[in-house]
1. Of all residues in segment 98-157, count the ones that are in a helix (DSSP H, G or I) and at pLDDT 80 or above.
2. Failed condition for Val169, given (1) surrounded by fewer than 15 Cβ atoms within 10 Å (Cβ to Cβ); (2) under 28 Å from Ala45 (Cβ atoms); (3) at pLDDT below 85, with all others met?
3. Check Gly74 against each of (1) buried (at least 16 other Cβ atoms within 10 Å of the Cβ); (2) on the phi > 0 side of the Ramachandran plot and name the one condition it does not meet.
4. Go through segment 17-50 and give me each residue that's of a type in the set (A, V, I, L, M) and more than 17 Å from Gly74 (Cβ to Cβ).
Amino acid sequence: MDHHKQSIHPISHSDLPFLSDLVHTCKLALPINRLLFKDWPNEGAQKPLYAAAVETAFQGEFVDCLKSIDEKSGDILGYLALTRKRSSTGNTNNQPPSGKGIGSEKPQDIPEFFNSEVLEAVSGAVSEIARSAVGFDHFGTTSCGQRSPPMLTKREQSSHISALSLRPVGKG
């Protein structure tokens, strides 16, 4: 069996168009998005939304944006944007800003392409998860995308995804 070696590197500005497409493609596979977006698949709304998310993460001071590269082909296999979330010690200087992710919308700010009831439910779940992590030093997944390297079995692909997702990374 041919083992595909991979390495992890910071992303560059030239990667952004590919990574935007990768994230968009991965998001199309999420069942919740069929309910979240009106007029499914609504690519006119989704593509710019995910392109903006990738660009914002890339520019984020508190976000580490990484790509997994197949060393043989040079192809990008995956993308991960992580935000370090430190436990509360009273000092907020090292904390990333709260941002404008899901859950930060006011009812009048919800774009027309979202199903507001589903967005409200997703936002509530995200807020509950965030509250349960308060006090723990951890990484928050800001964005991610994965494509399978060629010639891997389904079992190898699933272990590849887990290995990619569990590597500790970060600045400081």
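The values are calculated or read from the model by the stated rules, or taken from the named source; none is laboratory data. Note that the coordinates shown come from a computational prediction; the quantities given were computed from them, not determined experimentally. We place every Cβ from the backbone using ideal geometry, glycine too, and count neighbours over all the protein chains shown.
1. Taking segment 98-157 and keeping what is in a helix (DSSP H, G or I), we get 107-109, 116-132, 154-157.
Okay, now just the ones that are also at pLDDT 80 or above, so 109, 116-132.
Here the count works out to 18.
2. (2)
3. (1)
4. First, the residues of segment 17-50 that are of a type in the set (A, V, I, L, M): 19, 22-23, 28-30, 32, 35-36, 45, 49.
Hits for segment 17-50 are Val23, Leu28, Ala29, Leu30, Ile32, Leu35, Leu36, Ala45, Leu49.
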